[in-house]
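Beneath this line is the structure, given in structure tokens, with notes to follow.
The values are calculated or read from the model by the stated rules, or taken from the named source; none is laboratory data. Remember, it's a predicted structure, so these values are computed and weren't measured experimentally. Cβ atoms come from the backbone with ideal geometry, glycine included; neighbour counts cover every protein chain shown.
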Amino acid sequence: MIRNCLLLLVFSLFFQTAFAQLALSPEFSATNITTTSAQKYWVYFHDKDDVNLQKAHPENYLSQRAMDRRNKLGIGIEFSDLPVSTKNIDKLNQIGATPVVISKWLNAVSVYLTESQMEQVVMWNEVAEIQKVKKYRRADEAIIPYNDQVFYRTAGASDVTGMFGFASNQIEQINLDTILDLGYTGNDMVIAVLDAGFFGVDTATLFQSFWDKGQILGFRNFPDHNNEVFNIYSGYHGSWVMSVIGGDVADSFSGSAPNADFYLFRTEVADSEYVVEEDYWLAASEKADSVGADIINSSLGYTTFDDSLENHTYEDLDGNTAVVTKAGDMAAQKGILVCNSAGNEGANTWHYVSMPGDGDSVFTIGGVDTNGIHVGFSGYGPTFDGRLKPNVVALALGSAVLDPGGYIGFLAGTSFSSPLIAGACASLWGAFPEKTNMEIISAVERSAHLYLTPNDSMGYGIPNFGLAYEILLSETDTTTEDTVVVDTTTAIFDILPNPAGDFFSVFITTNENAPATLQFFDLAGQLVYQEKIYLSKSIANTFTIDTRKNFSQGMYLFSLTGDGFKQSTVVFVE
């Protein structure tokens with residue numbers, strides 16, 4: 001029974017806010033832009049300073065943790081890691097054109113240029129290309145503004161039955177409780193949250209655990225070029241989002257990675273006429289890389305603009321056009337697992353996922369309800385070039401969040417399915433730190449319930465993180481006694497065809513004569529088929545399995561166990 005009654009807030013998905021009092025950087029005020037008649041451009045350069053010397057000293061621009069991530073994943077120091085030439089920046093400053101965002105990944109700057117300034121810049125030998133910047137707005141999210149009253153710490157929730165409290169639905173729907181119960185709760189994982197502001201995180205009781213456990217490693221307000229991310233003018237959408245990942249209120253609420261560490265990066269501004277969020281998203285993702293983040297969660301998206309002449313088109317949804325999409329893919333290239341919401345445009349004219357969700361290496365998360373049914377507002381695929389999106393789905397209707405006003409609330413939007421999966425990936429990755437970002441994504445996709453029959457509304461479907469754990473475990477060959485890599489000359493096997501129809505065959509070669517056991521387990525861990533076999537060395541041992549007798553359509557874990565070895569893989573039956 002709940003002794004302290006909680007107010008459960010249920011918000012409408014499409015209720016909008018203007019955030020009228022949100023402060024913008026001076027250079028982006030409507031007055032400045034109008035009086036100068038400047039237009040915004042990306043100016044790309046050819047070269048960088050002292051390339052070989054800078055590559056030899058990455059400690060000058062990357063943290064030790066960032067370098068460790070690259071070393072672990074076999075990623076070398078690249079041209080894109082090096083800072084933009086200071087000579088090029090100085091040259092822009094000399095003509096009165098101050099860069100808005102400086103991007104080492106693009107070797108470019110975004111800058112407002114008047115016609116006369118443009119005439120000068122276009123003649124510079126250092127310039128490779130100049131592109132005019134479109135104006136974007138973020139896709140509508142479930143945001144309801146508070147008044148200007150600042151909320152301070154109040155009595156928190158208590159005495160809610162169940163380990164995960166009000167977050168149980170979202171945790172258990174993706175079988176994440178299996179991973180959390182094993183003790184993998186995001187320890188030693190660093191997540192950068194790119195969002196609107198984080199109002200109340202520094203004062204609200206429900207967020208106190210983040211500070212008690214030292215989980216907040218840093219924060220930055222990119223639009224205003226300062227560290228003001230906690231005030232009311234910054235907004236609080238980010239507060240809700242980060243709570244889905246790292247919230248930790250005893251007996252009342254658990255995030256999907258309650259022991260992960262965080263960088264909080266505000267990239268969102270409220271003005272919908274001169275927004276530059278896409279640039280700030282890029283800058284924040286570069287910062288996330290340099291400080292050594294393992295995962296980025298972005299519950300933001302970019303689609304259309306109030307001025308229809310500036311709208312994105314479906315043709316732009318090709319994974320290569322939007323700057324924010326390029327940034328997402330580049331972050332993934334650096335070894336970061338990038339989670340992004342599919343957006344809430346599914347019932348609108350745009351209909352599709354929003355940028356950067358079209359990135360081929362961006363893990364795009366759509367939404368379902370508590371019954372596992374796709375919610376109509378969740379963005380659809382495919383991308384313009386025909387790729388499957390979203391990748392997977394999670395709860396986006398009735399998602400439990402911690403509210404800075406002192407409540408546990410229920411909200412709607414893919415803003416909350418994305419951090420749920422981001423945190424779940426962090427907890428899973430903690431169990432297999434040797435795996436790459438893309439290997440984690442692949443395992444999660446393969447665990448999802450529609451993996452064999454994906455579609456444009458739910459992608460591969462609802463993940464099963466318990467199964468993803470088993471998949472990764474099966475791909476980490478170990479002996480039955482010790483966690484050491486098996487000598488693959490002991491037994492090498494293949495299964496064909498995979499996926500299988502009525503029959504499939506197991507082909508095994510070994511360097512020993514020995515007994516062994518074939519086993520197949522379903523998604524619930526139940527043994528559906530077992531056969532004792534004897535392996536003969538130096539010949540091809542072939543065993544045919546009739547799937548019509550014991551198997552139904554779906555995914556199975558195959559295990560080959562012998563004297564001193566165990567090897568596994570995933571098989572599918574159509």
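Some values worked out for this structure:
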quantity	calculated
Matching option when the condition is loosely packed, with under 15 Cβ neighbours inside 10 Å and under 41 Å from the mean Cα position of the chain (by Cα), among 549, 532	549
Residue under evaluation residue 349, criteria (1) within 26 Å of residue 443 (Cβ to Cβ); (2) surrounded by fewer than 24 Cβ atoms within 10 Å (Cβ to Cβ); (3) of a type in the set (Ser, Thr, Tyr), criterion not met	(1)
Residues satisfying the stated conditions in the stretch 218-250, i.e. among the small types (Gly, Ala, Ser) and either surrounded by 24 or more Cβ atoms within 10 Å (Cβ to Cβ) or outside any strand (DSSP E or B) (or both)	234, 235, 238, 239, 243, 246, 247, 250
Of all residues making up the stretch 192-209, the number that are surrounded by fewer than 24 Cβ atoms within 10 Å (Cβ to Cβ) and under 22 Å from residue 341 (Cβ atoms)	0
Residue that is over 25 Å from the mean Cα position of the chain (by Cα), of a type outside the set (S, T, N, Q) and crowded, with 20+ Cβ neighbours inside 10 Å, where the choices are 92, 82	92
Filtered residues of the stretch 331-342 (kept if more than 13 Å from the chain's Cα centre (by Cα) and either within 16 Å of residue 383 (Cβ to Cβ) or crowded, with 24+ Cβ neighbours inside 10 Å (or both))	334
Count - residues of the stretch 335-362 that are touching a Pro at 6+ places or on another chain (Cβ under 9 Å) and either over 11 Å from residue 418 (Cβ atoms) or not in a loop (DSSP other than H, G, I, E, B) (or both)	6
Lone qualifier among 215, 170 - being under 29 Å from residue 462 (Cβ atoms), crowded, with 24+ Cβ neighbours inside 10 Å, touching a residue at least 40 places away in the same chain (Cβ under 8 Å) and polar (S, T, N, Q)	170
Residues (closer than 21 Å to residue 178 by Cβ and hydroxyl-bearing (Ser, Thr, Tyr)) located in the stretch 521-574	556, 559, 568, 569
Single residue of 302, 280 found to be in contact with a Pro (Cβ under 7 Å, 6 or more places away or on another chain), of a type outside the set (Asp, Glu), touching a residue at least 60 places away in the same chain (Cβ under 8 Å) and in the same structural domain as residue 241 (by TED's automatic domain parsing)	280
The stretch 317-330, subset among the aliphatic types (A, V, I, L, M), assigned to a helix (DSSP H, G or I) and closer than 20 Å to residue 350 by Cβ, residue nearest to the chain's Cα centre (by Cα)	324
